[in-house]
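Here the structure comes first, spelled out in structure tokens, and everything after it is commentary.
The values are calculated or read from the model by the stated rules, or taken from the named source; none is laboratory data. Here the structure is a predicted model, which means the values were calculated and not measured. Cβ placement follows ideal geometry from the backbone for every residue including glycine, while neighbour counts extend to all protein chains displayed. Accessible surface areas use protein heavy atoms only, side chains included; no ligands, DNA or RNA. Shrake-Rupley method; radii C 1.70, N 1.55, O 1.52, S 1.80 Å.
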Amino acid sequence: MKIFLDTADITEIRRAAEAGLIDGVTTNPSLMAKVGATREPADLFLEICEAVDGPVSAEVVVLDAEGMIEQGHRLAKIHDNIVIKVPLTEAGLRACSALTNEGIRVNVTLCFSPTQAHLAAKAGATYISPFIGRIDDVAGDGMELVGQIRQIYDNYEIDTEILAASIRHPQHMVQALLLGADCGTLPPKVLYQLLEHPLTDKGLEGFMADWKSLGREL
Ligand code: E4P
């Protein structure tokens with residue numbers, strides 16, 4: 001499964017990319033607002049694209065299809081890594097279809113149902129982003145949606161990639177892996193939670209203490 005970092009924080013992106021842990025980045029307007037007050041958005045997107053060798057989702061911020069296509073064109077010119085993120089609305093799918101026909105990759109975001117995911121694929125989406133955590137927030141089952149989309153895409157040999165989004169904790173990631181999501185996007189905190197284990201820490205402490213007791217240099 002491809003792992004994307006769900007942030008616009010360049011320090012976190014560099015840290016994860018340099019450790020070889022991520023295949024790309026997803027951003028959204030809220031994540032941009034957290035870090036971008038002093039930056040030109042285009043400059044920040046370029047810096048992110050230069051830090052990670054993979055897709056970088058950059059979201060349009062208008063509601064009409066023509067406006068989305070125009071913003072998509074401008075964003076796509078920033079760097080080859082840019083993937084245009086559009087919302088799962090009629091206008092978003094219209095923009096998705098137009099941009100895809102021009103060879104520009106599109107991530108359709110804010111997906112909350114299997115029929116939405118099917119229509120996004122019809123419109124040529126490269127990625128579909130079901131928002132797991134936000135479904136769980138309203139007492140739904142985000143992972144059930146991932147499983148349904150997997151089955152629908154497999155039934156009809158649809159090659160749109162399922163990008164499990166709004167991942168909030170390691171168990172979401174385990175389930176997304178088991179269900180066969182193609183990608184998962186996670187905040188930095190969850191990425192590092194994935195590699196922690198108390199037995200690793202305990203084992204390492206023991207190895208270091210035993211080596212020290214040997215009193216030799218390596
Ligand atoms: C995905 O592309 C979104 O940026 C993100 O995963 C949303 O996560 P949230 O629901 O935790 O804000």
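Dividing the helix sum by the residues of the chain, where each DSSP H run of 4 or more adds -39500 (n - 2.57), gives a mean residue ellipticity at 222 nm of -15500 deg cm²/dmol. Close amide H contacts of CYS111 (hydrogens built in the peptide plane, cut-off under 5 Å, sequence separation of 5 or more or a different chain): SER129, PHE131. Note that the chain presents 54 Å² accessible area per residue, ligands and nucleic acids not counted, probe 1.4 Å.
Counting lysine pairs in the chain that sit 8 or more residues apart in sequence, or on different chains, and whose Cα atoms lie under 26 Å apart gives 14.
Given the alpha-carbon gyration tensor of segment 2-214, what are the semi-axes of its equivalent ellipsoid in whole angstrom, ordered largest first, with each equal to the square root of 5 times an eigenvalue?
Working: eigenvalues 211, 98, 39 Å².
In descending order, the three semi-axes are 33, 22, 14 Å.
Modelled spin labels at SER97 and ALA139, positioned 7 Å past Cα toward Cβ, are 3.8 nm from each other. Summary value for the chain: 17 percent relative contact order, contacts being C-alpha pairs under 8 angstrom separated by 6+ residues.
Pop out the carbon and sulfur fraction of the accessible area of the chain as a percent, whole number, probe 1.4 Å. Its accessible area is 53 percent carbon and sulfur atoms. ILE132 sits among other residues whose Cβ lies under 11 Å from its own Cβ, and their net charge, with Lys and Arg +1 and Asp and Glu -1, is -2. Spacing of the modelled spin labels on MET1 and VAL35, each 7 Å from Cα toward Cβ, amounts to 2.2 nm. Need the C-alpha centroid separation for segment 4-54 versus segment 155-183, integer Å. Result: 21 Å between the Cα centres.
What size of dipole, in debye to the nearest 20, comes out for the chain about its Cα centre when the only charges are +1 on Lys and Arg C-beta atoms and -1 on Asp and Glu C-beta atoms? Could you put the intermediate results ahead of the total?
Values: 18 positive and 31 negative charges, 44 e Å.
Charge dipole, the chain, about its Cα centre: 220 debye, nearest 20.
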